[in-house]
Structures are given as C-alpha cells and as structure tokens.
1. Placing unit charges on C-beta atoms (Lys and Arg positive, Asp and Glu negative, everything else neutral), compute the dipole magnitude of chain A about its Cα centre in debye, rounded to 20.
2. Picking from G:Leu67, G:Leu84, G:Leu49, which is most flexible by a Gaussian network model of chain G using Cα springs under 10 Å?
3. Report, in whole Å, the centroid distance computed from the Cα atoms of the range A:49-91 and the range B:21-96.
4. Using a Gaussian network for chain A with springs between C-alpha atoms less than 10 Å apart, which of these wobbles most: A:Gly53, A:Gly45, A:Gly72?
5. Among E:Asp64, E:Asp16, E:Asp51, whose mean-square fluctuation peaks in a Gaussian network model of chain E (Cα, cutoff 10 Å)?
6. Measuring from label point to label point, each 7 Å out along Cα→Cβ, what is the G:Asp80 to E:Asn89 span in nm?
7. From Cα pairs below 8 angstrom and at least 6 apart in sequence, can you work out the relative contact order of chain D, rounded to a whole percent?
8. Along the charge dipole of chain G, pointing to its positive end and built from +1/-1 on Cβ of Lys, Arg, Asp and Glu, which listed residue (G:Val66, G:Pro15, G:Ser56) has its Cα farthest out?
Amino acid sequence: MAKIRPLGDRVVVRPDSKEETTRSGIIIPDTAKEKPQQGAVIAVGNGRLLDNGGRSVMELHEGDRVLFAKYGGTEIILDDEIYLVLRENDVLAILD
Amino acid sequence: MAKIRPLGDRVVVRPDSKEETTRSGIIIPDTAKEKPQQGAVIAVGNGRLLDNGGRSVMELHEGDRVLFAKYGGTEIILDDEIYLVLRENDVLAILD
Amino acid sequence: MAKIRPLGDRVVVRPDSKEETTRSGIIIPDTAKEKPQQGAVIAVGNGRLLDNGGRSVMELHEGDRVLFAKYGGTEIILDDEIYLVLRENDVLAILD
Amino acid sequence: MAKIRPLGDRVVVRPDSKEETTRSGIIIPDTAKEKPQQGAVIAVGNGRLLDNGGRSVMELHEGDRVLFAKYGGTEIILDDEIYLVLRENDVLAILD
Amino acid sequence: MAKIRPLGDRVVVRPDSKEETTRSGIIIPDTAKEKPQQGAVIAVGNGRLLDNGGRSVMELHEGDRVLFAKYGGTEIILDDEIYLVLRENDVLAILD
Amino acid sequence: MAKIRPLGDRVVVRPDSKEETTRSGIIIPDTAKEKPQQGAVIAVGNGRLLDNGGRSVMELHEGDRVLFAKYGGTEIILDDEIYLVLRENDVLAILD
Amino acid sequence: MAKIRPLGDRVVVRPDSKEETTRSGIIIPDTAKEKPQQGAVIAVGNGRLLDNGGRSVMELHEGDRVLFAKYGGTEIILDDEIYLVLRENDVLAILD
C-alpha cells in the first residue's frame, strides 16, 4: 500500500462507515448547520510552521478517533478506500 | 458514555433547558440582535496554539456555568443529549 | 444577584438612563453617524490573550463611567436591569 | 466641565472653526477625494496595546494642532462644543 | 536545459502522466470538490521569509512524489514538458 | 510658512509640474493600469509603529525625488501649492 | 541615464523582448490562467520591513534573469525602454 505523509498541520483521516458512526454513541442532528463526521486518523503531519521557524506540536496522533468538519478537506481514494486530507484545525475533538 | 476531548481552544457545552435558564436570573431580551445562551462546560481543550508554539491557558474549566454565543458552535447529540462544541472566544462570560 | 465574570477583554456595562446621560454634560448629536452611549462598568475581564500567552492589562476598572459604541455589544437582562457585554476596544473613553 | 480620557490610541480633537482653518494657511481643495480637517488635540490615550502587552508611545500631545481624516471619528458635544474621538492613525500630520 | 530556481517557499513540480498517476494506487474521485494531482518535485525554494528575517526549512525535497492542489500554481513549458510553479502550502502530502 | 510634520510612516510630497516630470527622463505609458507620479519629498514622519513599540527607520529623506502611487494619498494646498500626504509604502522608488 | 532605486522589497525588471523569451527555452502555454513573463532584474530594494524593524535579505540580485507575474507591477518608460516595478513576492523563479 502506498504510504502518504501529510505536510504541515495536515492529517489523513479514514471516515467511519455509517455502522461505525452509530456505534460511537454520537449523533449529528439533521438540523445542525455544519454536520461534522467521525473517523480515524491514519497519518499526521510535522506541525504548522511557526513565526520563529519551528513547528507546532500536533495534538493528534495516529489511531485517534476524531470528530471533524468535512468542509475544507480533500477526498482521495487509496486502495479502494476513501480518505480525507484535512488540517488539524478542522478537527473538532478526539473521541475516547 | 463516550468521552470527548475538544481540540485547541474549543470547549464542549451542555446548553441549559429553558427551566434552568430561567432560574439563573438572566434574561436575553427578544429585541437583542444576537441572543446568547446559557449552559455548563463539560470539557475543555488544551488551549490556542500560540505563535511561539506554546498553548494559551484556558479561562474556562469543567463545570463552569457560561453565557455563550450560539453562532459558530457545532451541535452534536451524545447519549440522547444535545451538546455544543465551540471556541472559548465565543463564550461571553462565566456566571457565578 | 447572579454574578457575571466577562471573559478575555470583555466588560459588562450598565447603560445610563436618559436622565443620568443628560446630567453628564455630554450630548451625542442626532447627526452623528455612530451614536455612542454612556454607562457604568460593573465587571471587567482578565484581559486580551497576547501572542506570548500572557494577558493585556485592562484600562477599565469597575465603577468607571464610560462612553461606548453600542455596536458589537450583547444585551442581557439581569434582575430586571439591562446590561451590555462588550469588548474594551468598543469603549471610546472614560468620563471623569 | 466633565473630563474625558480616551482609551488606547484614541485622541479627542476640537475641530477648528472655519476662521481658524483659514488662518493656518492650509487649504483642502474641493476636488480632494478625502477632505481632512484641522483641529486641536485636547486629550490623548495611553497608547495602542502592543503584542508584548505594553503600550505604544503616542506621537500626539495635548495642544497639538493637527490635520485629521474625519472618517472613523465619533462626534460628541461637551458643554455646547463639538469634539471628535478618533484614533491616532486617523491623524495625518501635526501643524507647527 | 535551462535551470529554474523557485523563490521563497515555492517548488517546481512535473505533473504525472495519467499512466504514472494510475500506478500510484491513489485515485481522486470524480465527485471530489477540489481534485488534487500527483507529480514529482524537481526544484525547491529557499523557504518562506519569517518575521525574524530567517527562512523556513522546506518540508519538500527534490525527487519527492507529491499530491498537490492545482489551484494557485502557474503552468510553464520547459523543453517541451509542462511544469507547475506552486507554493509548498499548496502541496497536501508526500507519497512514499 | 506653516510647517507640517507627518505622523507615523507618512511623508509629504510636492508633485512635479509637467515640465519637471518630462526632464526626469521617466515616462508613464498611457496604457499603464496604475499611473505613478513624480515629486519631491518635503517632510518625513517618525516611522511605522513596530510590534515591539519601536519605530521603523524611514527609507525616505527630505529632498528625495520619488515615483509614487497617487492612490491613497491626501491632497492639501499650503501657501498656494499642492502637496500630498502619503505613506512610505505608496512610494515605489527613489530617482537619483 | 536616470537611476532608479526601488523601495522596500521592490525590484525593477526589464521585460524580455519576444526573441529573448523564445531563446530561454521556457514557454508559457496559451491555456495558462496567469501568464508569467521573463526579464532581467536591473535594480533591487533594501528588503521588506520586518516586525523587529530590520530588513529581509533579498533573494534577487541585479542581473538575475527571472520569471515574474505581470499582475501587480507598475510599468514605467525610462530612456525609451519599458520597465516594471514589482515586489519580490511577484517573482516566481530565477532562470539560470
């Protein structure tokens, strides 16, 4: 399988199937303005470039289950599965 | 119950029911341009990423009763209750 | 009475009644584009979050009589009185 | 007379009467896009909040005669005279 | 062959042919809002100018195979081949 | 003659007459989108306020002949001559 | 010949004639959204003003052959030749 390393503060997320989402106990109401999705983080970038030239420490790690805003992410298909490349800032929360 | 850890300067808030809101003694006039809501903070993020790579100290803590602008938050349903994920900056004040 | 602690560089202001405003000697002409109001500061936040993670020292203190731009503030009713939650930046001047 | 202390990098200016303006020797052509006005600074704020939490040193002082852009200022009437509250950045120049 | 040295945080990328893209195992669904492309980095700039006057360390290196957003890049033809000049920020990920 | 001291990074420029402009050897084509003008710097401000509270060192000095974008400047008439108050950033180049 | 010293991070570029452009081996396709041009740098500014009051080190030097975005530059005619005054940020690459 091709490996993918996101740049900057980007992460690669595999969105949950509907079944997995239901099992998590979190429901996004149909009336919500912006419907976040759930998924699993499979790759994490080196962090956002800081003004001093360093990189931010990412809050996310491989394997984290997350709630994320679909808006702003880019869909790709890798080995027949859909993934999203998005910025850490578009991830709302980690689900434990 | 699934646990939820908000990222960055986000917090998770459980909005008050109408009865709880009335008991607080604060009323938002119908003529107000932007109607803030009341609720309880149930989870707090690690703080906003600073230019130097550190994190801001959050002003909010779990259990704080708050007045917040609904605008900008994201609604989720967890174990049959509605919650909002929003940024500390969208919280106007703590109610003691 | 419920206590309210504004977050960040916000303050809570009790707008003057028309009688109090007239007594101050300051009049806002009807032709003014943006009509500022007068009032008393009743609560002051911890200051604006700075890039270095610290907080700005607020220029305003409880009890200050101020001239403020209504625009941008949020109206609330507490124990039958109207208050405004607004940012220090929306306060034009202190009236001595 | 009520005293007024502008906040941040604001100043209070008393606009010249037409007679005073003419005496200064400066004329704003009718064809000018943005017509600056002349006046006298009667109060000066503590300076703009800097990223490091300090305050900028104001270039203006009480008594300075100035050329300023009316745009952005707020008109108030104090003891029957018109004043403007505006930011130092809206003052173009000091007239010696 | 003329050599090209991109300025700042820009890189020069040679987009894959359709055959090369297919071999990588990554597919961009037709339904994707923003269709990223694949290619090879052939030149890398000195880095983004930082506030302190230094330059950021580029995450990309010559020879990296990348997934990039076409949007924002500038097409040029050099010795009968198409290249794109784009900013590192428009590169989503490195493909290993 | 009234003296004028521009604030911040502003300068006061006396635009060339048509005759002076022609003598300089620089012509602005009629087809140019934005037509810069030529003139002489007669007063220079203290510099732009920096984030650390200091002032930038101005690149311009009294007496410099300059090429400037008219856009953004403010016209004033002083002792029957037209002057422009503009920001150093609106000056494109010094003509030696 | 009049000398011209660009301010800040500006450079003065003499655009190539069509013949010179063809010789370089770089072609801009007719289908390109934004058509960059080629030319030679004839003057370089002191660098962009940094937040700390210093100046950035320019990447460009007199004599560099460059690929630049015409957009944003200002055309001037000097001794019967056309030149462009533009910011270093509008220069895409150096051609060796």
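Read-outs throughout are calculated quantities, based only on the coordinates presented, and are distinct from any laboratory measurement. Everything quoted here is computed from the prediction, not taken from an experiment. Here the Cβ is made from the backbone with ideal geometry for all residues, glycine too, and neighbour counts use every protein chain on show.
1. Value, rounded to 20: 200 debye.
2. G:Leu49
3. Centre-to-centre (Cα) distance: 25 Å.
4. Largest GNM mean-square fluctuation: A:Gly53.
5. E:Asp51
6. 4.5
7. Worked out over chain D, it gives 33 percent.
8. Highest projection toward the positive end goes to G:Ser56.
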